[in-house]
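A short reminder: the numbers here are calculations on the coordinates, not readings from a lab. Predicted, not measured: the structure shown is a model, and the values here were computed from it. Virtual Cβ from ideal backbone geometry, glycine too; neighbours counted across all protein chains shown.
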Amino acid sequence: MQIAFFTAEDRLPLSGWFTSQAAVTQWAGPNVAWPLEDAFLNTLLDSASQQPASLLTFAARIDGELAAVAQLGFDWNNHLACVCRVVVNPAMRGKNLAERMLRQLVATAFKQEAIERVELRVYTFNLAAVRTYEKLGFVREGVQRQGVAVGDERWDCALYGMLREEYLMRSVA
């Protein structure tokens, strides 16, 4: 698996991975519309030009095919990074691709000397994602109950975090 910045060529395959507003909301949050619009997809393209980085979009490829997409955001004032918008190609799920990609993204975040914490949010019903994050060493810190409205439903969102010292301890073990 090779990981690089998301490119213009990745927009069309990514768009095809979602079949409903609920699926897009689960991936990108309640403010992103389905079907994905060009204006939103174009916001994923400026990773290489950011100095300092604020929100980087990465694409994982296997044999040239888009396999997964994830973002890494930085809050330099608070010395933290945020893993967000993680999605795996539906045809490639169940192969630990998210874990492999996120392992590299977390390492990328902690390579930045200023970063002391990496965090993420996940809907509590997304058990595959929860298992992956916990396997990587993220610690559940709390739940925002019914924090997002999706149609007639309300979804709970869990906050997970990993501190630099926890990352370093896992890296040595």
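Quick notes on this structure:
- For the stretch 87-110, the set of residues classified as assigned to a loop (DSSP other than H, G, I, E, B) and in contact (Cβ under 8 Å) with a residue 60 or more places away in the chain consists of N89 only.
- Within the stretch 144-165, being closer than 18 Å to E134 by Cβ and buried (at least 16 other Cβ atoms within 10 Å of the Cβ) holds for C157, A158, Y160, G161, M162, L163.
- Applying a threshold of 7 Å to beta carbon distances and a minimum spacing of six or more residues, or different chains, the list of pairs starting in the stretch 44-60 at a residue that is crowded, with 19+ Cβ neighbours inside 10 Å and ending at one that is assigned to a helix (DSSP H, G or I) reads L56/S47; T57/S47; F58/L105; A59/D10; A60/L97; A60/M101.
- Failed item, numbered, when M162 is tested on (1) touching an Asp or Glu at 6+ places or on another chain (Cβ under 9 Å); (2) of a type in the set (A, V, I, L, M); (3) over 23 Å from L56 (Cβ atoms): (3)
- Filter pass, E166 being more than 13 Å from the chain's Cα centre (by Cα) and either acidic (D, E) or assigned to a strand (DSSP E or B) (or both): yes
- Residue in the stretch 4-11 that is assigned to a strand (DSSP E or B), surrounded by fewer than 15 Cβ atoms within 10 Å (Cβ to Cβ), touching a strand residue (DSSP E or B) at 6+ places or on another chain (Cβ under 7 Å) and without any contact (Cβ under 8 Å) to a residue 60 or more places away in the chain present: yes
- Test: residue in the stretch 119-138 that is aromatic (F, W, Y) and part of a strand (DSSP E or B): yes
- The stretch 41-85, subset part of a strand (DSSP E or B) and among the charged types (D, E, K, R), residue farthest from I115 (Cα to Cα): E65
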